[in-house]
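Notes follow the structure.
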Amino acid sequence: MPIVRSKICGITRIEDALAAAAAGADAIGLVFYPKSPRAVSLQRAREIIAALPPFVTTVGLFVNASRCEINETLDAVPLDMLQFHGDESPGACEGFHRPWFKALRVGNGEDVAAQIARYGNASGILLDTFVAGMPGGTGERFDWSLIPPSLPKPLILAGGLTVENVQQAIAQVRPYAVDVSGGVEQGKGIKDAAKVAAFIERVRSTM
């Protein structure tokens, strides 16, 4: 089985970013959505990224942000990749000179394969749990059997992942990567270093 990558999202502190990197995380996520309890300021995001060692991908998460807001963030923060977690159209995700992926929420009766097909220029597709009124970070998992067996893009699995269930998720879904936030926290936006390390260890040991 190919190596599964791991992303630790909702990083708000330098020490949490360093703990994720030390544990072997492939990427960290920084949330630029003011309504999120895990949102970071531009200054804090710069400080976190400046503290990271090489080869950890930094992902900026946006929810229905304007092009002006995204460009202002990119002018201030050296992000490697963009994650669109709202209702953005394919066109709204393009033109920022960064690779990007689109988050889609599963469980609202929509055709998942048809949604994925719309985002042909995405580097990957993240599937998260549908909860009305919440763009993500719900801490709830969806029915993994709803994921089409063959996808045209690398799949990033999110939604309710924990140390306890990530191996089952990987065995069943075979994703390119897994994305966790609340499942490795001791409080909103405050990561638990031991849980982060255990999560990544279980990802790496799953065959």
Rank these by accessible area, largest first, 1.4 Å probe: Cys9, Cys68.
Cys68, Cys9
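For the chain, calculate the relative contact order in percent as a whole number, restricting contacts to Cα pairs under 8 Å that are 6 or more residues apart. Could the numbers behind the result be given before it?
Numbers: 402 pairs, mean separation 45.9, N = 207.
Once divided by the residue count of the chain, the mean separation gives 22 percent.
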With N residues in the stretch 8-97, what two-decimal value do you get for its Cα radius of gyration over 2.2 N^0.38 Å?
1.03
Residue-count net charge about Ala65 - beta-carbon cut-off 11 Å; Lys, Arg +1, Asp, Glu -1:
-2
Which entry in (i) 39, 20, 14; (ii) 36, 17, 15; (iii) 23, 22, 15 is this structure's computed semi-axes √(5λ) of the Cα gyration tensor in Å?
(iii)
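Indicate, rounded to the nearest 5 percent, the antiparallel portion of the DSSP beta bridges found entirely in the chain.
Roughly 10 percent of the beta bridges in the chain run antiparallel, per DSSP.
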Describe numerically, in nm with one decimal, the distance between label points set 7 Å from Cα along Cα→Cβ at Asp143 and at Thr57.
3.0
From the Cα centre of the stretch 3-64 to that of the stretch 152-207, the distance in Å is 15
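For a protection proxy built on the mean count of beta-carbon atoms within 10 angstrom, sort 49-59, 157-167 highest first, please.
157-167, 49-59
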Among Lys195, Lys153, Lys35, which one shows the biggest mean-square fluctuation in a GNM of the chain, springs joining Cα atoms closer than 10 Å?
Lys35
As a check on your grasp of the helix formula, calculate [θ] at 222 nm for the chain: sum -39500 (n - 2.57) over DSSP H runs of n ≥ 4, divide by the residue count, round to the nearest 500.
-8500 deg cm²/dmol
Contour minus end-to-end for Asn165 and Lys35, with contour as 0.36 nm per residue of separation and end-to-end as the Cα-Cα distance?
44.0 nm
Of Ser145, Ser36, Ser66, which has the largest mean-square fluctuation in a 10 Å C-alpha GNM of the chain?
Ser145
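The values are calculated or read from the model by the stated rules, or taken from the named source; none is laboratory data. Since the model is a prediction, treat every value here as computed from it, not as a measurement. A quick note on method: Cβ atoms are made from the backbone with ideal geometry, for glycine too, and the neighbour counts reach across all protein chains shown. Accessible surface is based on the protein model in full, side chains and every heavy atom, while ligands, DNA and RNA are left aside. Shrake-Rupley method; radii C 1.70, N 1.55, O 1.52, S 1.80 Å.
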